[in-house]
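The values are calculated or read from the model by the stated rules, or taken from the named source; none is laboratory data. If you're wondering where the values come from, they're calculated on a predicted model, not measured in any experiment. Cβ sites come from the backbone with ideal geometry, for glycine too, and all protein chains shown count toward neighbours.
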Amino acid sequence: MKQDLMKQIGDILKSIRATKPLIHHITNYVTVNDCANITLAVGASPIMADDLGEAADITSISSALVLNMGTLNERTIESMLAAGKQANAIKIPVVFDPVGAGASELRNKTVERILREVKVSVLRGNMSEIRFLAGLHATTKGVDASDADLQGGLEIGHSIAKTTAKKYGCVAAITGPTDILSDGRRTVLLQNGTKLLSNVTGTGCMCTSLVGSFCGASKDFLAAAAGGVLCMSLAGELAAEQAGETGNGSFHMAIFDAVSKMTAATMERRAKIEEV
Amino acid sequence: MKQDLMKQIGDILKSIRATKPLIHHITNYVTVNDCANITLAVGASPIMADDLGEAADITSISSALVLNMGTLNERTIESMLAAGKQANAIKIPVVFDPVGAGASELRNKTVERILREVKVSVLRGNMSEIRFLAGLHATTKGVDASDADLQGGLEIGHSIAKTTAKKYGCVAAITGPTDILSDGRRTVLLQNGTKLLSNVTGTGCMCTSLVGSFCGASKDFLAAAAGGVLCMSLAGELAAEQAGETGNGSFHMAIFDAVSKMTAATMERRAKIEEV
Amino acid sequence: MKQDLMKQIGDILKSIRATKPLIHHITNYVTVNDCANITLAVGASPIMADDLGEAADITSISSALVLNMGTLNERTIESMLAAGKQANAIKIPVVFDPVGAGASELRNKTVERILREVKVSVLRGNMSEIRFLAGLHATTKGVDASDADLQGGLEIGHSIAKTTAKKYGCVAAITGPTDILSDGRRTVLLQNGTKLLSNVTGTGCMCTSLVGSFCGASKDFLAAAAGGVLCMSLAGELAAEQAGETGNGSFHMAIFDAVSKMTAATMERRAKIEEV
């Protein structure tokens, strides 16, 4: 089981590098440079375009669409919807990162509207964000998961991922100390990563961009989501080994080094992955 | 005197790391990633949200508000005002960086409007910007202080800081070769830093974010502003020692390394600080 | 011929560092931080201002204007036009980077409008973008040149650069494996660079910012454009030697190191340049 999944993830990585899929992002201005660079580092090609006048056009020439509401604003909400609908029409995957869901009315309403009007392939968020989407009580602290929401443990997390996946007909990917991914039937657990990833802004956004890149090169969105999340976690581990002691700046840069050097063999060797 | 102040600054740094205050930024898209990362590096938690539909909501869950008008635009001016008023209402500090004040009518009018409608706790700018706010003749060269404005010397700088502080009922923090901070009664001088800081964009913005982080963990805004400014200057010194010879890219990255490794002991040992 | 040109380029570099020209950018939010930092690294001073309420004012105090439509949006199109007209009025150079021309109707219309209403000094783009502007068939893959468009070879590239330069009365700078620059009469070929530059986002944008910096310190826009393009290519070569093996993050940072340490002597020694 684990070997099958890792074989599949490795093949997707190779396919990204062979086909260089174009990944359309409508994302935030805080971490957008990192998102573009991580997309390039894994071997895909990023394009960032958020004006309503061209959003759907750009989606039309892309292999996957990433919607990230980190710095949500009125102008780009409509662009996200137009791009999302176009992605649905041409049947390319939509990866949605509901940054800060639960933190403001604007975010809550926007999340609901996007999930109502766009068919999402993968939903990637932290435990507070996904709890909110599952309709559960969530306490959020800005854009990070709250400690309270992380208390539930694996049992509850597993159930939340499954519920969310079924509710929205997508893969739900909850990232955190343990990453929990479910498509409603199969569930994958990942135990890789490092706490240092939370010391750099945008590691969640970058993870979503990697998931988008993997989805741009595969029809199996659970494997693709697991591949993207694993790639980010392993980049964190490798960057921590390389530069964790030196400080946040060196660690940040080493993440891109690690992703650009990532191989299927490294992923298979280091993965702490199981299907449950 | 110096020892008391350094003790206080060291305690604020420890408090930031213990409480991880949420710092709401409405800032510019040029340096926003660096602002978020420097906030994380010092131990606080950044959240960037600039849409009028949620600005005040996000301020409500934060410990301090940073307003930076680096890439001012009509859309976010209203958000800055809404967030600023909310910060005043819930009594959290507002740190304002009037980037490029004096460089265009739009900036000049916006600065005046913000300072009229929002009670600011700390005003952080270069000599040209603060001269403009003090109502003095200022010659600005874009977003940097002009040489002419720096000629005045410490005597005049001290007087400008004091005047500005009294005029707006805030701490005025003029950063430059010597940093001059005043709350209208007490004045603090800082002689740390390196010229290399002006070779990287956003070191002023990052300084403001550090001041915001310190203000999010203290009620004494003069000490907090001094702590934030000193932290930035020392990060510059340490980064210069580490990577100054290598070039701008390595120096830039080393700033984050230095802030993430900054300790109260390092700050106390290296500070060239005096109260006058 | 080569020696004359390299002497001229070296002199422009020295002039940038002596006079620190202010370079007004209206650019995209993906690579804007890198554009500002590369401008500082070469010795010029960047200012990013894109609101219609101040765009022309900021142009008025600048030595060159860079227009980059990487993340085009309705709001900034008008600002680009206002700034461009002001630059024409006060006779400072306009450097235009038509990012993604050919990729969407919005981009195509905007490119045409800017080139109709603003007199551009240097047009910097990849082969797909410039083919589109020359009125030739172009196949674009998002923001990168397509392989098909690169097939033509030097003979055709030379002719496209010349045609475009004459059509718009400007210097046309096509960057790619060989960089081809023409003012309609003289043509310069550059063979420096490294494939690694395409692994980092924004190296095209940074190249445009360097061209803007060189144009801010010279009246000879062909030499200035060649200087900017050469500076970027050599930074790529030097960064590849320094950090190419380490990975994308280290390579990215080393670009800034290299530009900040660039000298006229290094440029002359390494340049593979010819006038044809």
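Things worth noting here:
- For the condition modelled with pLDDT under 95, assigned to a helix (DSSP H, G or I) and within 17 Å of B:VAL30 (Cβ to Cβ), B:THR71 does not qualify.
- Taking (1) more than 14 Å from chain B (Cβ to nearest Cβ); (2) under 22 Å from B:MET253 (Cβ atoms); (3) without any contact (Cβ under 8 Å) to a residue 12 or more places away in the chain in turn, A:GLU245 satisfies each apart from (1).
- Of the candidates A:ILE58, A:ILE47, A:ILE130, the single residue that is under 17 Å from the mean Cα position of the chain (by Cα) and within 17 Å of C:VAL143 (Cα to Cα) is A:ILE47.
- Leading residue by the ranking (farthest from C:SER62 (Cα to Cα)) among those in the stretch B:143-167 that are within 14 Å of chain C (Cβ to nearest Cβ) and surrounded by 23 or more Cβ atoms within 10 Å (Cβ to Cβ): B:ALA145
- Residue count for the stretch A:119-141, restricted to those that are crowded, with 21+ Cβ neighbours inside 10 Å and within 23 Å of A:LEU210 (Cα to Cα): 13.
- Restricting attention to the stretch C:69-113, the residues that are buried (at least 22 other Cβ atoms within 10 Å of the Cβ) and basic (Lys, Arg) total 1.
- Of everything in the stretch A:191-202 that is touching a helix residue (DSSP H, G or I) at 6+ places or on another chain (Cβ under 6 Å) and not small (Gly, Ala, Ser), the residue that is nearest to B:ILE47 (Cα to Cα) is A:THR201.
- Contact map, the stretch B:105-116: first residue within 10 Å of chain C (Cβ to nearest Cβ) and in contact (Cβ under 8 Å) with a residue 12 or more places away in the chain, second residue aliphatic (A, V, I, L, M) and part of a helix (DSSP H, G or I), Cβ cut-off under 9 Å, separation 6 or more or different chains; pairs are B:LEU106/B:ILE77; B:THR110/B:ILE77; B:THR110/B:MET80.
- For the stretch A:248-275, taking the residues that are within 14 Å of another protein chain (Cβ to nearest Cβ), in contact (Cβ under 8 Å) with a residue 40 or more places away in the chain and in a helix (DSSP H, G or I), the one that is surrounded by the fewest Cβ atoms within 10 Å (Cβ to Cβ) is identified as A:SER260.
- Sole exception among (1) buried (at least 24 other Cβ atoms within 10 Å of the Cβ); (2) among the small types (Gly, Ala, Ser); (3) over 18 Å from the mean Cα position of the chain (by Cα) for A:GLY236, by number: (3)
- Total residues in the stretch A:21-68, condition assigned to a helix (DSSP H, G or I), hydroxyl-bearing (Ser, Thr, Tyr) and crowded, with 24+ Cβ neighbours inside 10 Å: 2
- Neighbours by Cβ (under 6 Å, 6+ apart or cross-chain): first from the stretch C:184-213, within 14 Å of chain A (Cβ to nearest Cβ); second part of a helix (DSSP H, G or I) and of a type in the set (Ser, Thr, Tyr): C:LEU197/C:THR203
- So C:GLY216, is it within 13 Å of chain A (Cβ to nearest Cβ) and farther than 14 Å from C:THR203 by Cβ: no
- Looking only at the stretch A:206-222, residues that are outside any helix (DSSP H, G or I) and closer than 21 Å to A:PRO177 by Cβ come to 0 in all.
- When C:ALA240 is tested against (1) closer than 22 Å to C:VAL30 by Cβ; (2) touching a residue at least 40 places away in the same chain (Cβ under 8 Å); (3) within 14 Å of chain A (Cβ to nearest Cβ), just one condition goes unmet, and that condition is (1).
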